[in-house]
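Down below is the structure, laid out as structure tokens.
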Amino acid sequence: MALYIHWPFCVSKCPYCDFNSHVRASIDQAAWRDALLADLAFEAKAWPRGPVSSIFFGGGTPSLMEPATVAALIVAADRHWGFAEGIEITLEANPSSVEAARFADLAAAGVNRVSLGLQSLNDAALRFLGRAHGVSEGLAALATAQRHFARVSFDLIYALPGQSEAAWADELSRALGFGTSHLSLYQLTVEPGTRFAALAAKGDFDEADPDHAATLYETTQALTEAAGVPAYEISNHARPGEESRHNLAYWRYRPYLGVGPGAHGRRGGLATLRHKKPENFLSALARNGSGLSEETPLSAEERASEALLMGLRLKEGVPLETIAPALDLPRVERLERQGLVRRESGRLYALRPLLLDGILAEIAA
């Protein structure tokens, strides 16, 4: 079982997420520690089956949680469910000097893996992406993380406006030289309602041409394979054994519990959702003992559909028996003949990851 703990507060407005209302000048850490512990205890009663194989602190800016809060939540999770051997405890962090200064205390609190949002090794690109840090500050944070945590991942965004294949190859080669065992490499996508969508609508920048984006993707695969950090999921690359165990729980459609404002979960055939706005979360917690906003039963077909959507992202594919209620078999057979999917040894594989959205739309019943 995996556990996701969402810290809702940000330190600055984000150009491509919807948590900008969660920027706060000050946070009552003790009150929020108590609130998250109470929400965690509710989930422990609703789903007492352990052990916990992974914990992921995400959000917002979870690296600005007080280490004492992180430690209290880790201790409580162990008390409620027990920990699997070799549990992975990840915390997302912005690569700033302020947050890096907390890394030693976060490691002492029990965090053993950090995911850094570097996003680019180019200062102009970071400004375009709306990031507060520069390259030098980001790399200093990476070096600090590598001193304190055995496992460190960071992400980069490519297919940026005007980015050539050579420029991306140089940036990725530099990134691979830092020696981390896990990289998340995402193509820039423009989501409705974001600053990027507004800029694109005004003609201030053009999204990468699909053919050029495909070339950059192929360059990514070649360089990471050669470096021994191959893709195990469309956008995630790792040395063997260093895959994100927490994210694998999502992609393999294992049970996971969501705690904190805006957190999603899947347990016992139910989809759970917490109130997103912190004040609404606290009000619900006071009334009902949890921050739950929705608790929705999922049919067998809905669960199979979700397993298909998540599992086909993986290089290992997805078990056919898990997704059978969601498949249109004649369409699967047609895509097989076209070389887009393969069925083998009881599993279904996507052979053209860049076409995954179209493949899913075609084969879902």
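Given the rule -39500 (n - 2.57) for each run of at least 4 DSSP H residues, summed and divided by the residues of the chain, what is its mean residue ellipticity at 222 nm, to the nearest 500 deg cm²/dmol?
Numbers: 15 runs with 151 residues, N = 365.
Rounded to the nearest 500, the figure is -12000 deg cm²/dmol.
Once you place label points 7 Å from the Cα toward the Cβ at residue 356 and residue 124, how far apart are they in nm?
3.1
Once Rh is set to the Kirkwood radius over Cα pairs, what Stokes-Einstein translational diffusion coefficient, in µm²/s, holds for the chain at a temperature of 25 °C and a viscosity of 0.890 mPa s?
Rounded to a whole number, D works out at 113 µm²/s.
How charged is the neighbourhood of residue 250? Take every other residue with its Cβ under 11 Å from the Cβ of residue 250, and add Lys/Arg as +1 and Asp/Glu as -1.
On the way: positive: 245, 252, 254, 266, 313; negative: 233, 306.
Charge balance near residue 250 sits at +3.
Counting other beta carbons within 10 Å of each residue's own, what order do 80, 212 fall into, fewest first?
Ascending number of Cβ neighbours within 10 Å: 212, 80.
Write down, largest first, the equivalent ellipsoid semi-axes of the range 300-363 in whole Å, where each equals the square root of 5 times an eigenvalue of the alpha-carbon gyration tensor.
The three semi-axes for the range 300-363 are 16, 12, 12 Å.
If R0 is 45 Å, what FRET efficiency do you get for residue 49 and residue 206 from their C-beta distance, rounded to 0.05?
The formula returns an efficiency of 0.35 here.
Give, in nm to one decimal, the length gained when the segment between residue 343 and residue 104 is fully stretched (0.36 nm per residue of separation minus the Cα-Cα distance).
Values: separation 239, 0.36 × 239 = 86.04 nm, distance 4.68 nm.
Once the chain is fully extended between residue 343 and residue 104, it gains 81.4 nm.
Among bridges DSSP assigns within the chain, what percent are antiparallel (round to 5)?
Numbers: 23 of 54 bridges.
About 45 percent, rounded to the nearest 5.
Determine by what factor the alpha-carbon radius of gyration of the range 95-225 differs from 2.2 N^0.38 Å, reporting the quotient.
Against the empirical 2.2 N^0.38 Å value, I get 1.13 for the range 95-225.
Take the Cα atoms of the range 189-323, find their three principal axes, and give me the spread along each one in whole Å, biggest first.
53, 45, 28
Counting only pairs 8 or more places apart or on different chains, how many lysine pairs in the chain have C-alpha atoms closer than 27 Å?
Details: 13/202; 13/276; 13/277; 45/276; 45/277.
For the chain, the number of qualifying lysine pairs is 5.
Expected output is a single nm value to one decimal: the length gained when fully extending between residue 79 and residue 222, i.e. 0.36 nm times separation in residues minus the C-alpha distance. What is it?
Values: separation 143, 0.36 × 143 = 51.48 nm, distance 4.46 nm.
Length gained between residue 79 and residue 222: 47.0 nm.
Assuming 0.36 nm per residue, please report the length gained on full extension of the stretch residue 27 to residue 295 beyond their Cα-Cα distance.
Here the answer is 93.7 nm.
Express in whole angstrom the spacing between the alpha-carbon centres of the range 165-224 and the range 77-114.
28
Could you tell me the relative contact order of the range 30-139? Use alpha-carbon pairs under 8 Å, at least six residues apart, and round to a whole percent.
This gives 27 percent for the range 30-139.
Give the relative contact order (percent, whole number) for the chain; include only Cα pairs under 8 Å separated by 6+ residues. Can you show the working numbers first?
Values: 647 pairs, mean separation 55.2, N = 365.
Relative contact order, the chain: 15 percent.
At a Förster distance of 25 Å, what's the computed FRET efficiency of residue 34 paired with residue 277, Cβ-Cβ distance as r, to 0.05?
Rounded to the nearest 0.05, the efficiency is 0.85.
Tally Lys/Arg at +1 and Asp/Glu at -1 over every other residue whose Cβ is under 13 Å from the Cβ of residue 100; what's the total? Working shown, then result.
On the way: positive: 102, 147; negative: 99, 105, 137.
Surrounding charge for residue 100 is -1.
Could you put 318, 111, 190 in order, starting from the residue whose Cβ has the fewest other Cβ atoms within 10 Å?
In increasing order of surrounding Cβ atoms, one gets 190, 318, 111.
Since every read-out is calculated from the coordinates, none of them should be taken as a lab result. These figures come from a predicted structure and were not determined experimentally. Heads up, the Cβs are rebuilt from the backbone with ideal geometry, glycines too, and the neighbour counts pull from every protein chain shown.
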